[in-house]
1. Roughly how many Å is it from the Cα centre of region 431-462 to that of region 196-221, as a whole number?
2. Within the P(r) computed for region 767-886, what percentage of the Cα pairs occupies the region above 19 Å?
3. How about LYS736: which aspartates and glutamates have a C-alpha closer than 20 Å to its C-alpha, ignoring those fewer than 8 places off in the same chain?
4. Past 26 Å, Cα to Cα: identify those pairs from LYS525/LYS614; LYS95/LYS725; LYS171/LYS520; LYS571/LYS602; LYS381/LYS725; LYS725/LYS772, in the order given.
5. Given only helices, namely DSSP H runs of n ≥ 4 each adding -39500 (n - 2.57), what is the per-residue ellipticity at 222 nm of the chain, to the nearest 500 deg cm²/dmol?
6. Using alpha carbons only, how many degrees (0 to 90, rounded to 10) separate the axis of helix 50-59 from the longest principal axis of the chain?
7. What accessible surface, in Å², does a 1.4 Å probe find on ILE543, ignoring ligands, DNA and RNA and rounding to the nearest 10?
8. At a 1.4 Å probe, what is the % contribution of carbon and sulfur to the accessible area of the chain?
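The values are calculated or read from the model by the stated rules, or taken from the named source; none is laboratory data. Quick caveat, the model's predicted, so the values are computed rather than measured. Note that we place each Cβ from the backbone using ideal geometry, even for glycine, and neighbour counts take in every protein chain shown. These accessible areas exclude ligands, DNA and RNA; they are computed on the full protein's heavy atoms, side chains included. Shrake-Rupley method; radii C 1.70, N 1.55, O 1.52, S 1.80 Å.
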Amino acid sequence: MDANRSKKWRRLVASVAALAAIVALAGLAGVSAQAVRPSKAQAGAPQADDEFARLVREWTTRPEFLSPLVDHLPKVAGVPSPKDILGYHIGQPGKLTYYGGMLKYYRALAAASPRVRVITIGTSDEGRDCVVVFVGSEDSIANLERYRGYLGQLADPRPLTDAQALDVVSKARPIYHLIGGLHSGETGPPEMLMELAYRIAVEDSPLIRQIRDNVIVSITPSAEPDGRDRYVDWYYAYKTEETGEDVSFGGPPYWGKYILHDNNRDFNFSQLTTRAVLDWYLKWHPPIVHELHESVPFMYTFSGQAPQNPTLDPILYGELPWFSNFEMAQMIKYGMPGVWTHAFVDMWYPGYMGFLASNHNGMLRMYETFGNGGANTMKRKIGGGEGGMGGGGGQTTREWYRPLPPYADVEWSLRNNTNYMETGVLSALQLTAAFPQVVLENFYRKSRNSIESGKKDAPFGYVIPAGERDQTRVAWVVNILRMQGIEVGQATSGVTLKEGTFPSGSFIIKRDQPYGRLAKILLEKQTFPDPNLRTYDDTGWTIGLMTHVDVREIADKAILDVPVQPVAQMKPAGAVGGPGGNVVAIPHYGSANMMTLRYRLKGLKVSAAEQAFKAGDVDCPPGSFLVDVGGSPDALARVRAAVVPLGLTGALMPAAPGVPMHDVDLPRVAMFSTWGSTQDVGWVRYAFDVFEIDYDLIFKEQVKAGNLRAKYDVILMPSQGRSGKGLVFDIAPVGKPLAYKRSDRFKSLGMYGESDDVTGGMGLMGVVEIQKFIEDGGVLITLGGASFFPAEFGLARRVDAGRPSAQFYAPGPIVEAEITQPAHPIFYGYSRKALPVRYANGPLLSIQGPEAERDRQTLMRFRGTDAAVLSGLMKGAAETRNRPAIAEIQAGKGRIVMFATNPCFRYENLGEFNMLFNAVLHFNDVAK
Ligand SMILES: [Zn+2]
């Protein structure tokens with residue numbers, strides 16, 4: 001759209017958006033508002049910030065990339081604008097704000113304005129405050145608690161009649177929550193949000209007044225505070241000279257402490273920062289949560305396309321395009337090209353952060369705007385190719401959902417990005433402010449419908465039967481449900497339902513509760529609606545299958561009437577009992593805490609039984625620990641103090657059983673990470689930290705230095721790199737060293753490893769050192785994608801790592817795998833021969849050589865039938881048939897354990913953790 005037409009629209013919306021009162025006063029409606037000076041300024045009344053208007057025009061690379069909602073900014077005496085605190089206007093080329101600067105700004109704004117409040121909701125791994133900023137009318141901010149209370153009533157309307165609930169609706173105000181900075185490389189949203197907060201607090205246009213009066217805007221300024229600072233450090237260290245896509249110095253190796261981009265897929269809210277937002281959400285109940293991201297041009301607004309989770313309320317699927325279409329129409333009206341909706345992210349996987357809203361009967365919203373990964377203005381080329389999802393090509397074609405497409409060649413700036421996002425958000429807030437009662441009533445209806453659906457539609461609930469021998473995995477499941485706000489009860493007596501009889505103490509999850517729909521989504525088997533659809537993330541996540549906990553789906557409505565005792569949190573009771581004696585037997589029932597126990601007993605001799613035995617009347621399966629305390633009360637006390645808090649059980653017996661045993665020695669473990677792919681390593685680091693497993697994190701520097709066998713018994717390579725080549729050669733050299741090191745200027749660099757140059761990978765010299773390590777008797781363990789490496793580089797000479805056909809499609813289903821070497825220590829704690837495992841799209845392994853040898857080297861294999869797909873979608877299951885899921889190869893004096901699965905995925909598949917833990921712990925206990 002040309003500049004003249006854009007001006008015309010600016011004129012038409014001036015009465016809504018741009019200092020209308022001043023315009024009217026000057027009798028100049030039709031001239032852009034920011035050019036108008038009021039004839040006399042009143043104390044505290046907004047004046048136009050001429051410098052802002054001039055600079056924003058300069059930083060915006062084409063007139064149509066600006067809108068009448070954001071081409072101006074008021075100045076108000078006594079209330080600091082972002083520039084007053086930061087020293088620059090938002091969107092200035094070359095300027096990114098550190099997290100501390102953001103907090104300083106918001107706190108200064110809150111101190112100066114009764115329309116702003118900042119609360120602290122948690123602390124990041126590196127000690128930064130996680131905050132929420134509220135902006136609204138004086139009344140809203142002064143009475144935040146009251147408005148919070150109303151939303152709480154709508155979130156759980158069970159005590160209210162319909163009429164009472166509608167009365168609450170009439171008094172309540174929607175909270176519209178915005179999340180920026182979840183992905184640290186997407187630098188724009190945290191900048192934009194500061195300007196937005198200021199604008200909503202001070203601007204006096206009818207539009208902003210309506211928003212301020214009818215909506216409470218809340219803001220997570222940067223959902224990953226540590227990552228924000230690390231990325232900004234990296235930007236100032238390397239990226240300020242970037243001029244285009246051809247020369248890029250990437251991002252830092254880490255954002256937050258552990259998991260980079262997957263912080264938006266932290267399904268179980270394991271990280272401090274994501275958990276803080278969930279806890280806050282469940283206290284405040286914002287009906288709308290809106291994540292701000294950057295990727296595709298120029299702005300994509302999420303509409304919740306298929307595949308959709310059918311358990312969520314159908315109202316939601318009307319609301320999502322209602323908002324996104326309104327934004328698209330508004331922005332096209334302002335002349336802004338490249339705003340589109342529909343064809344990108346779908347409504348299947350419920351683990352994205354923003355889904356915490358839709359999972360709890362609210363509405364999630366999401367943008368992708370076009371970012372340059374910093375603050376430089378750059379020439380960008382936008383790809384052709386086919387349309388569709390995934391953000392690939394085709395983004396410049398005209399489609400029904402993209403009536404005014406982006407340009408193929410564009411000069412793009414941070415300010416452009418700010419203009420788009422802020423105009424979009426203001427449009428969304430305009431819609432919310434125009435229909436606050438509708439938004440609130442929908443929220444109420446969705447909450448009510450969730451409760452009612454649990455009374456009408458099977459399944460009516462879920463039961464976790466009492467008596468599971470490992471209570472720690474049960475506790476994991478129960479506590480995840482509780483963390484999500486789902487009510488869990490414990491049966492006060494035996495329960496008989498059509499599905500069976502369950503003992504007293506069984507956990508009962510009834511569906512007739514506000515989050516009953518979420519309980520179903522988390523616990524049911526996922527049936528993907530159409531195998532011809534693609535989806536953006538996993539298709540399966542059934543918690544019971546992921547944790548190997550028996551969760552029964554109940555179609556008998558009588559479950560709703562079972563008397564229960566509410567559970568706040570489950571803490572499994574550990575105990576040490578038995579007839580007495582010098583030997584403590586700790587049965588291995590599959591608790592991952594066995595690993596922690598071994599580390600807590602460091603310095604004591606611990607043995608593992610290789611066969612089942614009985615300690616009194618206690619069954620002890622293979623892998624159970626035995627500790628001889630030799631009559632020492634101190635040693636016994638130490639064992640007891642380790643066993644009990646971990647929720648494990650011990651049985652004292654007079655003497656060790658007469659079964660074969662081996663010492664459980666603690667290995668010296670190195671966890672290898674590339675510099676370019678730290679994320680899946682991060683999940684394993686996180687699990688190792690939680691389970692208190694000692695390890696050194698090593699990189700190419702330590703590998704190339706050699707002498708690995710002298711230092712380590714086990715080298716673990718979590719999934720990383722898309723191929724062996726990717727793992728070995730990693731980040732391509734860029735013509736200069738990219739150091740990742742702490743300095744006085746860049747304090748966030750050099751954490752969790754440091755390097756003089758993160759590029760280049762371990763190279764062939766590194767491969768040679770790994771080979772020496774194995775030949776000298778070391779154990780190499782590779783997970784998921786890292787298992788391409790030993791096959792492709794010949795370390796596992798007789799193993800080939802193949803890839804599936806183009807027709808194969810398996811986004812994270814849960815499938816059944818068969819244990820073929822049940823006596824192997826890797827399977828200690830597993831009592832069944834077939835296990836649910838998450839399919840990780842690792843290599844399709846095949847082993848060459850004599851059949852007997854191949855069988856011996858295959859520890860577990862995929863069944864590879866459609867019936868063996870337990871949850872989610874696997875198209876072409878036969879391609880995996882009988883492929884090794886875990887292979888063990890002797891090489892020299894050492895071994896390579898190759899997992900085609902990822903036994904430590906996103907802190908979700910607790911049931912598989914022990915296969916990894918056992919492989920580490922019994923490193924020197926495998927018969928050669
Ligand atoms: Zn993102």
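1. 27
2. 51
3. The reachable aspartates and glutamates, counting only those whose Cα sits under 20 Å from LYS736, are ASP233, GLU241, GLU242, GLU245, ASP246, GLU701, GLU754, ASP756, ASP757.
4. Going by Cα-Cα distance, LYS525/LYS614; LYS95/LYS725; LYS171/LYS520; LYS381/LYS725 fall outside the 26 Å limit.
5. Working: 29 runs with 301 residues, N = 928.
When only DSSP H runs of four or more count, the value is -9500 deg cm²/dmol.
6. Result, in degrees: 60.
7. Here the residue's solvent-accessible area equals roughly 10 Å².
8. Carbon plus sulfur share of accessible area: 51 percent.
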